[in-house]
Each structure stands twice: as structure tokens, then as C-alpha cells.
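Participant: One structure follows; several queries about it will come next.
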Amino acid sequence: MDFMKYNIDFEIFGSIIILIIIIFFKLKFDRQTESEKSFMRLAYIILIAQFTDMASAVTISIGGPKLALFNLLFDTVFFIVEVYMALFFIDYILISAYGKPVRKSRIILVFYGFIHTILLIFNLFFGFYFRFDFATGDYIHETWYYILYAIPGILAVAALIIILRLRRKFSSKQWISVSSFILFAVIGLILQGTLIPNIYLSFGLVTIAFLMIVFSLETPDYRKLMKTMQELEEAKRDAEEARSEAERANRVKSDFLANMSHEIRTPINSILGFDEVILRESKDKDITQYASNIKFSGKTLLTLINDILDFSKIESGNMEIIPVEYDLKNMITDQILMVANRASDKAIELKCEVDERLPRVLRGDDVRIRQIVTNLLSNAIKYTEKGEVVLTVRLEEAGNPAGIMISVKDTGIGIREEDQKALFGAFRRIDEKKNRNIEGTGLGLAICVSLLEKMNSELCLDSEYGKGSDFYFTLKQEVVDETPVGRFSIAEEENSRTVEITHDDFTAPGKRVLVVDDVKMNLSVFRQLLKKSGMIIETADSGGQALEMIRSSNYDIVFMDHLMPEMDGIETLKKGREEGIIDTDKVPVIALTANAISGARDMYTSVGFTDYLTKPIEISHLISMLVKYLFKEDHPYPCL
């Protein structure tokens, strides 16, 4: 072609090679991964750039006003495509390195390309890069023309920086290939723009570099790797979405159960409170028997609610183990006395075997340990019709921490070997036809297992069907006081617990008490329980009202509910202390709570409360609290 002013042989060669690559990959492979799609976009944009560059060369060579407009359009498209080729190459590098698009980088690249495109469209009308003199057909380079070559150069430097930063993600062969693409493109632009302006060399070199990429990055093994990486990324994203949805569902369920348990507990607390008043005041044996049945059923219902709430907390991962100091002997005594009446009612002998070497004071989550032992003792009594239930506490391993083994053994129905594995699952009960009259949710043992796992222990079982079962576990507990517990006797411990002040004996004439609770029935229960004490009982149904009353009156002790609307107990206490109207060193403020969690006393004292009292209120606990804080050592209670 003698009329040609420019040699486009290299670009013809390059476009043929690129076209063959596109056809081959299109027919041979199904481009599915992001890396494969990005590779094909790069191939298409190189081919378009070569075609427009060659078309521009042809129209310039022919010349004349008739082709001037076409030449102007070809050049505009070429310079747009040239920048997008650099942008697509950067996108391809990032996807090849990470196996997925980098969203932030894509946004920047698209914005960069958009601005460049807008400027070149403006150039069609204003000619600040290049233009044609339509009268003469001359192609004129304006002052800003060489910026069109500088822009791809800037992008090439950016791509090189990215490649250097990501070099660890490529093999040496792959790294050389992607680096060569930039190097060859830059060399071609320099040679074509300076030494050999009449030879279109740059895209021939780009084609060679693109072939290197084909043979290093677009091999079957690499494509398989990219596909696997994308599948893993999608699986990870799906798993993350599923986890987020599960967490949201768990939060909703936990919040619902927490709110429902609080709503259910509120009337139960009032029922048990008024029932306590009946038991205290009634002299009729039938009435007191009915009231005792109500008390037992109410506490059973509270236990079921607590089990469901605890299981929900364990499922959602919100159950915490909070170590505190506790007296081991007192804890054992509490557990025995708690179930003694139930064992007596069934004529079951309740025994307790305690190792005299056990240290007296330990550090651990005593509330959760009590919960586990109570569950095991209750189950043992429930499933034993005759014989005995034995609680054994033994020093398994001396030292600090000490290994404490706790066992609950019974002579009950026992458990078949095939049922033992499924026994610790949630909502599972064995021999349901045989034991259908025995109450329970089937959550107790599942909760015990989960709590012990959190304390790095496990629940073990030895059982023989028809003869009995032995549930046992070992806990590592920090020793606070090595003093041995010594000889343990249920009868002696029970006698030592004899209340020195009976419910009816307690009086504190003239002592002023403020009770704060948003549930009016709870206030009424409190007032009824203490109506024979001679104390002046005043009540408030909100934190704001309580503060007003404290400002205008002096009280000897304040009982304040934790959970109240608008201003809860902690906020009320904080505001009162800030105003200087509450001084817990002079006037004790006792928190009232329905949640007896481990470490509750430390939690409430840390925010300023003097102590805490659990609901439903036990009259013996209430009187002990009043005696403890109303009568100091210099003015003790008269009976003490």
C-alpha cells in the first residue's frame, strides 16, 4: 500500500494474534470466573485499540476533507480505548491477585476513565488535544496533545507499583509476564513517539506481552485455581450472610425470651410474695397446705423459665462464667437443705459424704456450680422411688488449683446403655412412656453439660438400668483459704442454720424504709411482709418519684428495683449520688433483682449499691438484710 504514510504491519500482526486468542478462548472455555471475564475484557479492548489505530492511520494517509471527520472520530475512540486498556489491565492484575474484584479500586478506575472520556468528547468541539483543518485536511497536534500519551504512562506507573506490591501473590513466571506487558507498552510508546514515528510498533509489542500472560496466567491449572478461589469466596460470603442471619435470629430469640421471662416472672414474684404472706399469717392448716403447694408449684415454674432462658443464653454464646469467692461447706449445706423436703416426702434417704480435707474457701462460679448440683440432685430424687440419693464431694487433686470431684448417686430407675449417649441432648427425656408423669423440660442435663464445658470439665455417667445412676464431674477451683472443712453432718449443719429471729419476732419500730418498684403488687407484697415489724414503709413506683421522696424525707434503708422504665435503679442511684441526696455510707441502698447471676453482688456494689436482694423475696432473707444494715455493731439487734 504505497499511499500509506505509516507502517501498520506490526499492528496487523498483533490484531490477528489477539483475534485468534479471543476466538480460541471463546470456543474452548466457558468464561465464568471474574479473572476469566477480566482477561477477555482486556483482549477485546486491545483488539478495539488496534483496529481504531489502524483505521486512523489509513484515513490520515488517504487524507482530504472527506475523511477528516472519520479520522477525528477514530483518533478520539483510540485515545479513549487506550486509557481503558490500561484501566482494564490494572483491574485484571487485582482480580488475578485476590481472586475477586476490588470494589474501591474499580470505583477509582471507572471515575478516571469517565473523566478522560468526557475530555476527549469535549476535544471534538474545542480541539485542545488535536484537530483537523477541514479546508486543507491537515491533522494538527495542539499543545496538550502529548498529555494523551502521558495519561497511559501515568497509569502504567500505577500498574507497576501495584504489581510490585502484589509480587508475593504471583509466581516468578507470572510476575515477569504482567511486568513485561507494561514494559513493552511503554517502550513501544517511546519508540513510536520519538525515534520511529512512522512505524506503529507499540501494539505489536503489547501483543507479545499479552501472549506471555496467556501462557503464564491463563493456563488450565491457573484457570482452575481462579475458579476455585471464586467459589471459595462465594461460599465464604454465603457463610458470612448465613452467620449474620443466624446471629440476628439468635438475638431476636434471646431478646424475646429475656423479655418474656421478665414479664412472666413479674406476676409469679407477686404470687409467691402474697403466698408468703398467707403462710406467715394463716393459722388454718388447710390454708397453709394450699399455700405451700402454691409455693412449690411457683418455684417449679420459675425453675422451668430459668432453664429455658439459660439454654437460650448458652445457644447464643451469651452465658458467662464469673468466678467469685465462696464457702464450700455453706454451698454443700445449701444444696442438701434445698432438696431435703422433697427427699423426705418420697421417703428417700438423703446422704452427704464430704472429704474432710477439702479447703473451706474456693474461687469459682458458685451460682453455676449450685445450678449443676441442684439439677443433678433434683433429677436423682425425681427418678428414685425408694432407696437413697448420695451427694459426694471429694478432694480429687490437692494443690492450687484443687481438683474437686462432685458426685450424685441414686438407686433409681437407671438408664439403658443405648439411651445414655442421647441423654445429654436438649429436650431429651428417657423412657417417656414410663416417666410421663414426671415434670421437667428435658433441658437440665443439657445445661449442666454446657456449663461444665465452659468450666473446662465434663459430666460423666455410670448407670445400670433398674439399679441406679451415678453422675459425676471434676472441677479445678482456685484455693482461697486452705482451712479444711472438717467433719460434715447434715443434722449439725441444719441445726446451725436455725434462725435466731423468727418472722413474727422481728420488729424495728420507727425505722423508715423506702421501697422503689414499678410493679405496684410488688410494693404491696413488701408492705405486707413487714406490716408487723413496726417500721414505716413508704413506696415509690419510679426512679423520679423516689428521688423526690429522698429529697424531702430521711430514710434508714432504701430497697430499689433494678429494671424500671424511664430511669432504672442504677441510673436513679447515680443521679441521687451526683445530687448529693444519696450517701450509701450513711443510708444503705439495696438492689432488688429477679436475676440471681454469679457475681451479682460485685456487679451491684461496683455501681454504688450496698447489697442486693433477689426476687421473689424470701422473708428470711429480707429480715437478715434488715438486721445486717439497720443494726450496727454499736447498736445491735436486741435478740443477737
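Participant: Computed FRET efficiency, Cβ-Cβ of Ile187 and Leu19, R0 25 Å: what is it to the nearest 0.05?
Facilitator: After rounding to 0.05, the efficiency reads 0.60.
Participant: Separate question: In Å², and per residue, what accessible area does region 87-153 have when probed at 1.4 Å with the other protein chains present?
Facilitator: Result: 56 Å² per residue.
Participant: A follow-up question, please. Which of Phe88, His116, Tyr98 sits farthest toward the positive end of the charge dipole of region 41-125, with +1 on the Cβ of Lys and Arg and -1 on the Cβ of Asp and Glu?
Facilitator: Tyr98
Participant: So, one more: Determine the sum of side-chain charges near Asn456: Lys and Arg each +1, Asp and Glu each -1, restricted to other residues whose C-beta is under 15 angstrom from that of Asn456.
Facilitator: That sum, taken over residues with Cβ under 15 Å, equals -3.
Participant: Given a 1.4 Å probe and every protein chain left where it sits, what share in percent of the accessible area of region 532-581 is carbon and sulfur?
Facilitator: About 44 percent, which is the carbon plus sulfur part of the accessible surface.
Participant: Oh, and also: May I ask which of Lys299/Lys628; Lys295/Lys467; Lys346/Lys421 have a Cα-Cα span longer than 31 Å here?
Facilitator: Lys295/Lys467
Participant: Among all the aspartates and glutamates, which ones have a C-alpha under 19 Å from Lys520's C-alpha, if same-chain residues fewer than 8 places away are not counted?
Facilitator: Once the sequence-local aspartates and glutamates are set aside, what remains near Lys520 is Glu263, Asp275, Glu276, Glu538, Asp541, Glu548, Asp561, Glu566, Asp568, Glu618.
Participant: Hey, if you put +1 on the Cβ of every Lys and Arg and -1 on every Asp and Glu Cβ in region 536-622, which of Met603, Gly580, Met549 ends up farthest toward the positive end of that dipole?
Facilitator: Positive-end residue among those listed: Met603.
Participant: Taking the Cα-to-Cβ direction at Ala239 and at Tyr465 and moving 7 Å from each Cα, how far apart do the two end points lie in nm?
Facilitator: Distance between the two pseudo-spin positions: 4.1 nm.
Participant: Same structure, new question: How far apart, in nanometres, would the label points at Arg487 and Tyr146 be if each is projected 7 angstrom from Cα along the Cα-to-Cβ direction?
Facilitator: Modelled inter-label distance: 10.9 nm.
Participant: Of the accessible area of region 386-425, with the probe set at 1.4 angstrom, what percent is carbon plus sulfur?
Facilitator: C and S fraction of accessible area: 49 percent.
Participant: Something else now. Compute the distance in nm between two label points, each set 7 Å from the Cα along the Cα-to-Cβ direction, one at Arg527 and one at Phe128.
Facilitator: For Arg527 paired with Phe128, the spin-label model returns 8.5 nm.
Participant: Say the cut-off is 31 Å between C-alpha atoms; which of Lys329/Lys511; Lys5/Lys26; Lys409/Lys454 go over it?
Facilitator: From Lys329/Lys511; Lys5/Lys26; Lys409/Lys454, over 31 Å: Lys329/Lys511; Lys5/Lys26.
The values are calculated or read from the model by the stated rules, or taken from the named source; none is laboratory data. Predicted, not measured: the structure shown is a model, and the values here were computed from it. Every residue, glycine as well, gets a Cβ built from its backbone with ideal geometry; the counts of neighbours run over all protein chains shown. For accessibility, only protein heavy atoms count, side chains too; no ligands or nucleic acids. Shrake-Rupley method; radii C 1.70, N 1.55, O 1.52, S 1.80 Å.
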